[in-house]
């Protein structure tokens, strides 16, 4: 049956399991929206309030499913508004398929409205892995397939297709392609036994081995393999902020916390004190090697791709392919063991230090909450409700939560280690709620970062999503403020922001909201939020006086 180019694209998306398309309407997007309307029982169109947020929502789908989230925009400013979200997805390693409607080919690169060279803008490796202006209707299914695979191959990231209006409207006899089974086979390779045996021998010789988990290992299959490996070897574990949740509570005895960002946590000290580092799916943007390898440590790298190599990161052995399968092969042949008493003693010291750092101070403010009080309240509600997806926006609140809040499931702790972009929190929460409708989504933002995407409360209300949005209020861009004070002799500039009544703002969207200025009120608000499947906003007044210590330097020394 004859169809137009837009129909062909939508048919291909549906045949490959795409359930949601995020979009903000525009004239050049019309053919695609009409094609989606014909198939509305098979694919849902999510209408948002800003294209950047639509891109973040697609990134959230990519993060949670390991398959590209799909965003569509109109030409000109609509597509240009995707730049930040696509750069964030590529940096963080999340697959996204972005499609823009464009002016007709006869008007390309002429003085015509909404007609910048979008493919040219997007064709930068730091923004996308693939960007192309499509030239023919009959090739559209092929182009979607190639863009799709580019987004998930190696280190995942964003891809972009710019499609002129006449290409979308022209008729074609071509059928949509189904390639999902082939995509499921990607990255399933395993290393030969000789390499696995070599790794086992090197681990046996090490005195102070450590496991460093990164974002590309954040899957259920890898979590199972890691747990089996740790059970057999008892090697201690640290994780990047973006790779949290791969160990269950029973492995707390092996866990030393998180690493990265300011390089001043007990986990960072553990890596410093090690002599062999087993990296699992480490995206170096999460934890750049020069921060932890200045003494030529032995590195064994399990990964799906070869990451950036430099003088601080040249793995002695590269175990390339499926992380879970390769690690399981290692577990099968490695000897059951325990770590040395010396290394056990060091780990115990660092675990005690981690517990002390997350303890609530004896004296706190009466009219605002210490960040560790907030973390404690959140930990309590998560322990009681483990099927919660935690989503964090950028800012100092993210450092507190990223350093000390624990979850025990893969892909249930979302944050940006790459671009560290402000505004990702609420959009990611929206896509999480769509993927996991039976889970509570706990979204956290500061009063600075939240306002980047606050308009999407309208989207939350419209779709009645099961989201609790926390807003940490301190009336400053505090993450920047305390670093200015440290770098410029106590001076700060341009970081103060006015207070907005966030409770009233949320209520104006038709969303229940409460304000918490002490821990008792916060605990009560969280209990109320979890008793309902309705969205809720909790405005938290934060005492940020201790945030400056988030960047305290640690005197790295051998323990």
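The table below gives the values:
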| item | result |
| --- | --- |
| Long-range neighbours under 7 Å by Cβ, at least six apart or interchain, first residue at positive phi within region 237-261, second buried (at least 24 other Cβ atoms within 10 Å of the Cβ) and part of a strand (DSSP E or B) | 245/413; 257/238; 260/240 |
| Hey, residue 90 surrounded by fewer than 20 Cβ atoms within 10 Å (Cβ to Cβ), in contact (Cβ under 8 Å) with a residue 24 or more places away in the chain and in a helix (DSSP H, G or I) or not | no |
| Qualifying helices (runs of 4 or more DSSP H) (wholly inside region 457-559; at least 3 residues being more than 27 Å from residue 266 (Cα to Cα) and within 25 Å of the chain's Cα centre (by Cα)) | 457-463, 519-530 |
| Selection count, region 283-298, where residues are over 18 Å from residue 269 (Cβ atoms) and touching a strand residue (DSSP E or B) at 6+ places or on another chain (Cβ under 7 Å) | 2 |
| Region 116-138 - residue that is out of contact with any strand residue (DSSP E or B) (no Cβ under 7 Å at 6 or more places or on another chain) and surrounded by fewer than 17 Cβ atoms within 10 Å (Cβ to Cβ) and, of those, farthest from residue 305 (Cα to Cα) | 116 |
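No lab work stands behind these numbers, since they all come straight from the coordinates. What you see is a predicted model; the values in this text were computed from it and never measured. Positions of Cβ are backbone-derived with ideal geometry, glycine not excepted, and every protein chain shown enters the neighbour counts.
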